[in-house]
Structures are given as structure tokens and as C-alpha cells.
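Below is one structure, written out as C-alpha cells, with a few remarks after it.
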Amino acid sequence: MTLPTYDPGAPGSASVVVCRVDYANPVHGAALVTLLDAYAQDPMGGAHALSDFAKANLVEALSARPQAYSVLAFDGALPVGLVNCIEGFSTFACRPLVNVHDVTVLASHRGLRVAEKMLALAETIARERGACKLTLEVLQGNAGADRLYRRIGFANYELDPSMGQAQFMQKWLD
């Protein structure tokens, strides 16, 4: 799916609708892959396109995981934003938690509170699942996203202020 060109000054640019992704819906599936690929190619997403394998298998793989859910934003028929969420488990709370794994909005729609709308729906779904919290990570250089997340209630993770804030780390297994 190729994203059509879009004039952000056109009427309706602020009339964004968000919905939970139906992984069986081919329109939703194509939008999810296209938006995630655009995000992956952005410097904030690592600046590399999704692999052909990921493009071909992502929707089916997400649909096979009951702990996964996604939210899309549309401006009319144009997909403009995506949030992918993966449920985990808080052993301290003995309840589910939800990690907001991907958040992306097309450049043409940034500043219109699209991510805020998607995250509100992601939070509603997390609450329906009985989750005790949402988690996410943000790159230090992504000041706009950091401001958004703080504005809607996210804060750096710490248990005891004397021990400092948690660091997000990874170890590739390939």
C-alpha cells in the first residue's frame, strides 16, 4: 500500500478517527504494515525499512498473540497513525501491564494530537484488560514525543529515588 499524498491544510485535517485494529481486516492490516514501515525508515525508528519477512508476516503474527493489540488513526480513508501494544505482567502488582511498543504519526499529521487520541484508546483497552500501568520508551532526542508522554501522565520509571531511574537496555539474540 502506498500512502497517498496529503495536503495538511485541506479541510478535515483535524478530523482524525481512531479505532482498535481488526487484524483480520485487510485495510487495517495494510495500514499497519505501511505505517510501521514508514516509522522504521524514520530516524526515530532506526532508519531501516522493515524486512520483507516482517512485512509479509507481521499482521498474522500479531493476530496470533492474544496479548497484542493495535490502534490506528485515520483521516478519512488515509491511515495517519499507529500504536502497537503488548501486554506483559507486573509481578509486584500481580496484574497485567501494557507496553506501548510503537507510536507513529505521519509527519503531515503531527501536532494535531493524533498520538494523544490513539494513546487514550490504548489506555482504555489496557484498563479493560485489568492492566495496572502502561509503559513505553522514548529516545532522548525525540523531544516532541517526550513532551506528549509527560503531558498525558507518563514519567520516568523509578522505585526508590535514591536508586535513580531505570535504564532501558537490550540484548539481540540473533
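Quick one: Cα convex hull volume of the chain, Å³ per residue? Before the final figure, lay out the partial values.
Numbers: hull volume 24.3 nm³, N = 174.
That works out to 139 Å³ per residue.
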Next item on the list: Show me 116-123, 128-135, 49-56 ranked by packing, highest mean number of other Cβ atoms within 10 Å first.
Entry: 116-123, 128-135, 49-56
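Using Cα pairs under 8 angstrom and six or more residues apart, how large is the relative contact order of the range 22-113, in percent?
That works out to 22 percent.
With +1 on each Lys and Arg Cβ and -1 on each Asp and Glu Cβ, how big is the dipole of the chain about its Cα centre, in debye rounded to the nearest 20?
Numbers: 14 positive and 17 negative charges, 86 e Å.
Dipole about the Cα centre, nearest 20: 420 debye.
All of the numbers you see were taken from the coordinates with simple rules; none came from a lab. A quick note: this is a predicted structure, and the numbers were derived from the prediction, not measured. No Cβ is skipped: glycine too gets one built from the backbone with ideal geometry, and neighbour counts run over all protein chains shown.
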